[in-house]
1. Could you work out which residue, out of A163, A60, A248, moves most in a Gaussian network model of the chain, that is, has the largest mean-square fluctuation with Cα springs under 10 Å?
2. Please work out the FRET efficiency for the pair E287 and D138, using the Cβ-Cβ distance as r and a Förster radius of 41 Å; give the result to the nearest 0.05.
3. Please turn the phi angles of region 340-353 into ³J(HN,Hα) values with the Karplus equation 6.51 cos²θ - 1.76 cosθ + 1.60 (θ = phi - 60°), one per residue in order, whole Hz, x for glycine and proline.
4. Starting from the Cα of D121, move 7 Å in the Cα-to-Cβ direction to define the label point; list residues of region 230-250 whose amide nitrogen is under 18 Å from there.
5. Which order do the peptides 110-123, 134-147, 249-262 come out in when sorted by mean C-beta neighbours inside 10 angstrom, highest first?
6. In region 119-186, what GluC sites (Glu not before Pro) fall in a loop by DSSP, with at most 15 other Cβ atoms inside 10 Å?
7. In the Gaussian network model of the chain, springs joining C-alpha atoms below 10 Å, which of D37, D367, D205 carries the largest mean-square fluctuation?
8. How much length is gained on full extension from R39 to Q22, taking 0.36 nm per residue of separation minus their Cα-Cα distance?
Amino acid sequence: MAGDPRLAGGLAALERAGSRRQRRVLDSPQGPHATVDGRALANFSSNDYLGLANHPRLRAAAHAAIDAYGVGAGASPLVSGHLRAHEEAERRFARFSNLPRALLFASGYAANLGVIAALCDRHAEVFGDKVNHACLHDGALLSRATYTRYPHLDMEGLARALAASSAEVKLIATDAVFSMDGDIAPLPEMLRLAEAHDAWLLVDDAHGVGVLGATGRGSLEHFGLASPRIVYMATLGKALGGYGAFVAGAPEVIEWLVQRARTLIYSTALPPMAAAVAVAAMDVIDEEPQRVARLGERIAEFRGAAAAAGLDLLPSRTAIQPLVVGDAEEAVSVSSRLAEQGFLVPAIRPPTVPEGTARLRISLCADHASAEVAALAAALAGHPA
């Protein structure tokens, strides 16, 4: 078959707009440093916020699980793919999140699609922040529910939409930490609205777990929240260093997901080593609380150095520190110049972010040195948009 001219034209348009993406090839584990094309760079691109992706205890847990259970789960969880390692990981995450019961999913994307479709149908209405992660948008659309989007962090707009709804089932879906802005959803106010309007509150804590809260347990600990209305999702592939996701909540919610979440029922279960790695990650967070504290220190140091250098960062208290450049091509150019100076900082462009808001998405890790954080701020100050 000859090349499709529509696809070729579309790719050419992306190229002209500076929006065609290329995958980097890393020749090193994730961590505060990465090897790209034979060069060692300070890695400010990874979501490995606590430096656990290459932690020796997580590697040892993976090896031990392979020895005990092999590599693949072999079947979906409801057939014969739910191994002892999965069961132990679910129980451990329920304790870690201080929620009654938890359930493993193949990814955060699969978890959110599964949860929304299981709780909502065409008689439901889903309410989502306009800058929610794509999986929350897609989950709402695929559920066939009425989907109402409200302006970013606009609680008055959300309240009006909830009050106007006559849906049999209502679900508020939100990122806890917004992945491209780094800001935090006002979850206490959102829970108050959920209670006032008899709605579920689905909290995607992909970028909050391991980062927020006094002991790194995430956004619910950060705000001191607990409610049977909360359905809590946290990924394992970011601060927890592995792969997969958990959903936790009230026992009847989790049991309903076991029975009705299609992304769970019709997917092969996670490799058992991924479940064992998740347990090891939670153990490390419990036993090494200085990791969470050190990440907080690096965040404060970077924001202080950026302010001193005159950089206008978005107002984030999390490990995600965006610097808006505006033009997509300029963002790519600045990212390339930073790489020449030894810093791996990705340029994020539309459609991931709105037109005119292309940015450098700086991700901090507990294992970054203070001097590296200061050096990055100085390098950024030398590359004005």
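Coordinate-derived values only; no laboratory data. Quick caveat: nothing in here was measured; it's all calculated off a predicted structure. Because the Cβ atoms are built from the backbone with ideal geometry, glycine has one as well, and the counts that use them run over all protein chains shown.
1. It is A163.
2. Values: r = 37 Å, r/R0 = 0.90.
FRET efficiency, E287 to D138: 0.65.
3. 4, 8, x, 10, 9, 10, x, 8, 10, 10, x, x, 4, 10
4. Once the point is set 7 Å along Cα→Cβ of D121, nothing inside region 230-250 turns out to lie under 18 Å by backbone N.
5. Details: 110-123: 22.5, 134-147: 19.6, 249-262: 17.2.
My ranking of the peptides, most packed first, is 110-123, 134-147, 249-262.
6. E168
7. D37
8. Details: separation 17, 0.36 × 17 = 6.12 nm, distance 1.76 nm.
Here the segment from R39 to Q22 would lengthen by 4.4 nm.
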